[in-house]
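Input: a single structure, listed below in structure tokens.
The values are calculated or read from the model by the stated rules, or taken from the named source; none is laboratory data. The model shown is predicted, which means the values in this text are computed figures rather than measured ones. Note: ideal-geometry Cβ built from the backbone for every residue, glycine included; neighbour counts use all protein chains shown.
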């Protein structure tokens with residue numbers, strides 16, 4: 001028995017929403033799987049925590065983020081191929097953003113999602129290697145996909161600390177975990193230390209200096225002058241969040257489960273997690289506008305990994321972005337495209353008596369909220385000797401009545417599902 005663990009990024013909405021994306025989507029193959037399997041719901045980290053994808057992915061892979069999570073920055077850095085010195089350097093997830101340099105007002109956290117990966121790479125060159133004036137500070141900076149980037153700040157004089165607040169106003173820190181904020185003032189926040197240590201104070205000072213310098217450099221950059229000429233938003237600021245200065249001290253998945261895991265991943269954070277956990281990784285290029293080819297390539301990668309791994313983790317980004325944009329129609333369409341171009345051909349290529357499917361999301365991103373929420377997300381498992389329950393369609397409401405019940409924490413799910421499928425090995429963590 002093998003397992004495909006399919007995660008539809010942000011596909012869920014809120015149980016209490018009158019209309020949800022899952023309910024509206026025409027998704028005959030996902031519904032077929034729900035009818036043939038057992039269903040339930042889960043809080044991907046825990047009730048009250050609206051998680052970012054990184055801590056949620058760690059959780060749904062069976063790792064309690066309260067125990068293992070060290071910040072998104074280090075994971076993104078690994079995914080982007082940036083080396084950093086633990087303790088002496090702090091890694092951050094970064095967004096290129098648009099700010100009014102005269103007033104400091106934040107106009108768009110993601111440059112209207114219009115920044116190309118090629119433009120971002122040119123802007124990143126202007127920031128990489130930057131020398132800061134205080135504390136022997138310096139910057140390593142790399143763009144990844146679109147508006148996304150990774151920043152590593154270091155000091156030649158002193159160790160640094162991850163215990164600083166995000167300057168991105170859309171996320172606040174609770175320990176090392178970041179939590180989405182539904183309403184915020186559209187202004188880059190000043191970075192402040194979250195403890196009384198010298199290291200945290202110096203780290204906050206370096207962050208604030210970098211943020212100021214980045215605006216000065218980027219606002220006059222030729223890429224932004226050309227974007228301004230075309231009537232596009234400038235990518236003239238950098239938002240930093242999720243500081244970390246250590247890699248997660250996680251056991252490898254092979255040690256934890258006694259099984260070989262493969263991973264089909266699109267984004268740097270998922271690539272970083274796959275590397276850190278020792279998964280056989282098939283890294284896909286960023287999605288293009290040709291959705292049929294995108295998903296066909298991912299089906300092929302899934303099938304290839306099934307020849308080498310007991311469990312294949314597949315993370316598809318599609319539904320999350322329209323959720324953030326408040327685009328219900330776009331989110332519905334993204335679920336339909338996954339159903340048509342990924343789920344349908346996958347089902348035609350596997351035997352469910354030999355390959356089971358576990359389908360869920362890493363978090364909810366309701367268009368009504370335009371942000372991640374703490375709402376539970378549907379869970380479906382089908383294949384092998386799994387007996388179906390009474391659920392007929394893959395929706396939040398229907399799955400909430402399924403026989404799996406509601407898991408209070410995401411890290412509880414995978415061990416139980418592996419046990420149900422007879423895949424759980426004795427004597428492992």
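Points to keep in mind about this one:
- Residues within the stretch 86-109 that are without any contact (Cβ under 8 Å) to a residue 60 or more places away in the chain and either within 22 Å of the chain's Cα centre (by Cα) or within 16 Å of residue 324 (Cα to Cα) (or both), tallied: 0
- Of residues in the stretch 59-76 being in contact with a helix residue (DSSP H, G or I) (Cβ under 7 Å, 6 or more places away or on another chain) and either modelled with pLDDT of 95 or more or surrounded by fewer than 22 Cβ atoms within 10 Å (Cβ to Cβ) (or both), the one nearest to residue 211 (Cα to Cα): 68
- Screening 154, 129 for residues that are surrounded by fewer than 16 Cβ atoms within 10 Å (Cβ to Cβ), within 17 Å of residue 77 (Cβ to Cβ), in contact with a strand residue (DSSP E or B) (Cβ under 8 Å, 6 or more places away or on another chain) and modelled with pLDDT of 95 or more leaves exactly one candidate, 129.
- Strands (runs of 3 or more DSSP E) completely within the stretch 351-423 that count 3 or more residues being more than 20 Å from residue 317 (Cβ to Cβ): 405-407
- The stretch 394-413, residues that are under 17 Å from residue 7 (Cα atoms) and either buried (at least 18 other Cβ atoms within 10 Å of the Cβ) or more than 25 Å from the chain's Cα centre (by Cα) (or both): 394, 395, 396, 399, 407, 409, 410, 411, 413
- Among residues of the stretch 351-375 being surrounded by 18 or more Cβ atoms within 10 Å (Cβ to Cβ), over 15 Å from residue 22 (Cβ atoms) and more than 16 Å from the chain's Cα centre (by Cα), the one that is modelled with the lowest pLDDT is 369.
Okay, residues lined up against (1) touching a residue at least 24 places away in the same chain (Cβ under 8 Å); (2) surrounded by fewer than 23 Cβ atoms within 10 Å (Cβ to Cβ):
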residue: 257; (1), (2): yes, yes
residue: 264; (1), (2): yes, no
residue: 279; (1), (2): yes, no
residue: 289; (1), (2): no, yes
residue: 293; (1), (2): no, yes
residue: 299; (1), (2): yes, yes
residue: 310; (1), (2): yes, yes
residue: 331; (1), (2): yes, no
residue: 345; (1), (2): yes, yes
